[in-house]
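The next block holds one structure in the form of structure tokens; read it before the comments.
What follows draws every value from the coordinates through simple rules; no lab data is involved. Every value quoted in this text rests on a predicted model; they were computed, and no experiment measured them. Neighbour counts run over all protein chains shown; Cβ positions are idealised from the backbone, glycine included.
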Protein chains: 2
Amino acid sequence: MRMLINSPETVVADALRGMAAAHPELDVDVERRVVVRRDARDGGRVGLVSGGGSGHEPLHAGFVGYGMLSAACPGEVFTSPVPDQVLRAAAAVDSGQGVLFIVKNYTGDVLNFEMAAELAEEDGLRVERVLVDDDVAVTDSLYTAGRRGTGATLFVERIAGAAAEEGAPLERVAELARRVNAASRSFGVALGACTTPAKGSATFELPDGELELGVGIHGEPGRERRAMMPAREIAEVAVGAVLEDLAQVGPADGPVLALVNGMGATPLLELYGFHAEVARVLAERGVPVARTLVGNYVTSLDMAGCSVTLCRADGELLRLWDTPVRTAALRWGC
Amino acid sequence: MRMLINSPETVVADALRGMAAAHPELDVDVERRVVVRRDARDGGRVGLVSGGGSGHEPLHAGFVGYGMLSAACPGEVFTSPVPDQVLRAAAAVDSGQGVLFIVKNYTGDVLNFEMAAELAEEDGLRVERVLVDDDVAVTDSLYTAGRRGTGATLFVERIAGAAAEEGAPLERVAELARRVNAASRSFGVALGACTTPAKGSATFELPDGELELGVGIHGEPGRERRAMMPAREIAEVAVGAVLEDLAQVGPADGPVLALVNGMGATPLLELYGFHAEVARVLAERGVPVARTLVGNYVTSLDMAGCSVTLCRADGELLRLWDTPVRTAALRWGC
């Protein structure tokens, strides 16, 4: 057990105390586990609320701020937030323009956000929900009916957040969020397992010298276990799987946004080397890349590995992507 | 061996190809291993060149850009860049205003930057050098005469870069860089060893359930090996060591900049929890914190652990810190 923690029971509360200390622009309710941007209700914008199990940082609390989320609800590690948490976040950010819930497709998250939406509507809030289900590796999984929500969450939160910041109405923000999800696909690879604080040991067995192709962000099994492959072959499998699935949406009508994401314990040096191979495969297949992010954005605690997410971005999505954003983990233009 | 690489021999070149693909605003010479901001010579500014062994990403190449470094020279993993590399970077960024070399205090780096400075001066360039030696854990070490250079490098590069961006002359930029280093102290802790691509196994032995207090950024031994401690106690040791050493500089005359840095494989969830304890200790000791960074900035490949760096920042340093910066890994205000 190599963890920098006080105790498994206090991991999430401790992290929230740390966020509060580091980011005075955030209103962090440590006890109730809600992170809200202080100016969420200024300006009469649509509110954007997301959340999910902890352990995927900077997702979601690191994406709360100008041009992205209004609030985040972190659950326990790898555990959905409870409906009360989500309801509290919705109430904290609603300025009468309604609230969009951005929900990764895991059974617990879907149920709890649905229950929160019902409670919020009883309180007179207008709520729309969008499901993120971009992971092409498997249909159904340990925690999912249908596809899992992974890296595309970042694209959805950024682009919907940009539209909300510009004053777009709820229906329009929700429509954009659904469009981004529909245009996005991901594929993940694990080179090593992760360790949850509660368990204190690896969550699954991945012998040294093997990798799991199509792994989920909680270490859920993927498509196939194989002997270790060089980065160039991993990139071919991951990008190939994403592009093959995207082709079923229809012919490409623009460039892609690319996220080359670290799962937590893979050094940035290796992620950039992996990105070189991702960029090569995309170039060979004639896919133009408009924007690229390389780094740890949607993680799985200390899992070694990576994922690739591509989003087909037309001119409108690209314009929104480029507008200013200012959060703990993603910022440009301001 | 759980590495996302093509081969140990190509790790640095592959990462540079990935940087080139992801960051079109950088001019990346993959073969000669120099990363230069494309507009380095516009505006007649002082040039800032840094570099060192690879494996500490985003340091240094991730800090090349507006308001920070003009160029970076990555060596092999944990190996100094060669003088020719540094000379090439200096020539690429010099616009007649001179060049500052920012050098972490490791024997190889010091020698190679010194040689590069001599060669550059023979070519008619004006060169100043500043050594970063902020690590209070040990005097002298495996790779160092005197203290090691670690997290303060980020503070030096940012504040000197801000001054250069504003058009300050070489002597002034160098003086500020030295002032930041003199006002900064760091202390690191390893919870697990790192694995270099060439070796393919742990660089040092750290049994599960033990930690190394005062570790260096290459896994060099620190002050003491102990049984695992909770985050709150680690924060007390680390912050205590830093403050005790800073006190010898003289009485505090302002708040501090705080960097709570991950060594590579420690989840952001844990780093924020650790930061809560760092903030608590600082508050208990009456040290006001002006600005905080929490994340992986000066890493050691896949080492588990963290470091704390504090910089006493007077009004001028704080003003420069807050000016706009736009690099791959650090950006605000633009």
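Backbone N atoms of the stretch B:111-133 closer than 14 Å to the 7 Å Cα→Cβ label point of residue B:248 belong to residues B:133. Chain A residue nearest by beta-carbon to the axis mapping A to B, with distance in Å: A:265, 2.
Here the Karplus curve 6.51 cos²θ - 1.76 cosθ + 1.60, taken at θ = phi - 60°, turns the phi angles of the stretch A:83-88 into couplings of x, 4, 4, 5, 4, 4 Hz, with x standing for Gly and Pro.
The GluC sites (Glu not before Pro) of the stretch B:196-226 meeting both criteria, a DSSP state outside H, G, I, E and B (loop) and at most 11 other C-beta atoms within 10 angstrom of the site's C-beta, are B:205. Computed about its Cα centre, the charge dipole of the stretch B:184-324 is approximately 160 debye, with only Lys, Arg, Asp and Glu carrying charge at their Cβ.
For a test of the definition: using alpha carbon positions, the gyration tensor, and the 1.5 limit on a/c, classify the stretch B:100-148 as rounded, prolate or oblate. Judged from the Cα gyration tensor, the stretch B:100-148 comes out prolate (a/c at least 1.5, a/b above b/c).
When the Cα positions of B:231, A:242, B:173 are compared along the charge dipole of the protein assembly as shown, B:173 comes out farthest toward the positive end, with charges on each C-beta of Lys, Arg, Asp and Glu. Electrostatic tally near residue B:118: other residues with Cβ closer than 14 Å to its Cβ, Lys and Arg +1, Asp and Glu -1, net -4. For residue B:132, the residues whose amide H sits under 5 Å from its own are B:103, B:104, B:105, ignoring neighbours fewer than 5 places away on the same chain, with H placed 1.01 Å from N. Residue-wise HN-Hα couplings along the stretch B:209-214, as the Karplus relation 6.51 cos²θ - 1.76 cosθ + 1.60 with θ = phi - 60° gives them from phi, are x, 10, 9, 10, 8, x Hz; Gly and Pro carry x. A Cβ-based charge dipole, computed about the Cα centre of chain A with Lys and Arg at +1 and Asp and Glu at -1, lands at about 580 debye. Normalised radius of gyration (Cα atoms, divided by 2.2 N^0.38 Å) for the stretch A:116-227: 1.33. Measuring nothing but alpha carbons in chain A and taking Rh as the Kirkwood radius, the Rg to Rh ratio lands at 0.95.
Let's test the formula: R0 of 60 Å, r as the Cβ-Cβ distance of residue B:107 and residue A:122. What FRET efficiency results, to the nearest 0.05? E between residue B:107 and residue A:122, to the nearest 0.05, is 0.30. Which GluC sites (Glu not before Pro) does the stretch B:17-107 hold that lie in a coil by DSSP with at most 12 other beta carbons within 10 Å? Those that pass, being in a loop and sparsely packed, are B:31. Considering only the Cα atoms of the protein assembly as shown, their convex hull presents on average a projected area of 25.8 nm².
For residue A:296, nonlocal amide neighbours, meaning residues 5 or more places apart or on other chains whose placed amide H falls under 5 Å from its own, are A:262. For the stretch B:252-334, the list of trypsin sites (Lys or Arg not before Pro) that fall in a loop by DSSP and count at most 12 other C-beta atoms within 10 angstrom reads B:285.
Using C-alpha pairs under 8 Å with a sequence gap of at least 6, the mean separation divided by the residue count of chain B gives a relative contact order of 18 percent.
Other residues lying with their Cβ under 14 Å from the Cβ of residue A:264 contribute a combined charge of -3, Lys and Arg counting +1, Asp and Glu -1.
The Cα atoms of the stretch B:1-53 give a gyration tensor whose axes a ≥ b ≥ c have a/c of 1.5 or more with a/b greater than b/c, which makes the shape prolate. Given +1 at the Cβ of Lys and Arg, -1 at the Cβ of Asp and Glu and no other charges, the dipole of the stretch B:13-182 around its Cα centre is 300 debye to the nearest 20.
Roughly how far apart, in whole Å, are the Cα centres of the stretch B:1-31 and the stretch A:197-249? So the two Cα centres are separated by 22 Å. For the stretch B:29-155, the gyration tensor built on C-alpha atoms gives a prolate shape. Its axis ratio a/c (a ≥ b ≥ c) is at least 1.5, and a/b is the larger of a/b and b/c.
The calculated FRET efficiency for residue B:13 paired with residue A:223, based on their beta-carbon distance and R0 = 30 Å, is about 0.50.
Only one residue of A:58, A:101, A:194 has its Cα farthest out toward the positive end of the dipole of chain A, where Lys and Arg carry +1 and Asp and Glu -1 on Cβ, and that residue is A:58. In order along the stretch A:297-307, the Karplus-derived 3J(HN,Hα) couplings, from 6.51 cos²θ - 1.76 cosθ + 1.60 at θ = phi - 60°, round to 10, 10, 9, 10, 6, 9, 5, 8, x, 7, 9 Hz, and Gly and Pro are given as x. Each part gets one Cα centre, and for the stretch A:52-80 versus the stretch A:166-193 those centres are 15 Å apart. In summary, the convex hull built on the alpha carbon positions of the stretch A:224-334 has an orientation-averaged projected area of 7.9 nm².
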